[in-house]
Amino acid sequence: MENLITVIHVLAAAGVIGLVLLQHGKGADMGAAFGSGASGSLFGVSGSSNILSKLTAVCVVIFFCTSLTLAYLASHRAAGGSSVIKMPAQSSGIDTNKAANTAKPDATKSPEATPANGSNAGNAASGNSAKDVPN
């Protein structure tokens, strides 16, 4: 239902834009008052309306009605909407207490760590020695 109203809304908006661009402006006959040969008053006949202006009015009314309808539908949605703010946080399936209690190897206690005396014994065990570093 909402998708159909949105499609009608977009078509009405495109219709209003197209019809307004096709219409002849009131100021276009302004040269007639200064001798260009066109008849009519300075700003044209005020009572005349052609098919373009009537179609524009119809498209504007449709656009207005669909705007109000879409605003009403958006404000009166069911509570099961897809808003991120209103939804509670979902569990990731990982027990945080269990993950916190698992023992992780400490880098200071690993056999590959550099000893405190500064020798390269730890680097030699991992394959990295001073002779591998280019000068």
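List of remarks:
- For beta carbons closer than 7 Å, sequence separation of 6+ or different chains, a first residue in segment 6-18 that is within 9 Å of I62 (Cα to Cα) and a second that is of a type in the set (G, A, S) and in a helix (DSSP H, G or I), the qualifying pairs are H9/S67.
- Members of segment 36-63 found to be exposed (fewer than 13 other Cβ atoms within 10 Å of the Cβ) and at pLDDT below 60, listed by number: S36, G37, A38, S39, G40, S41, L42, V45, S46, G47
The values are calculated or read from the model by the stated rules, or taken from the named source; none is laboratory data. On a predicted model such as this, the values are computed, not experimentally measured, just so you know. Cβ coordinates were reconstructed from backbone atoms using ideal geometry, including for glycine residues, and neighbour counts include every protein chain displayed.
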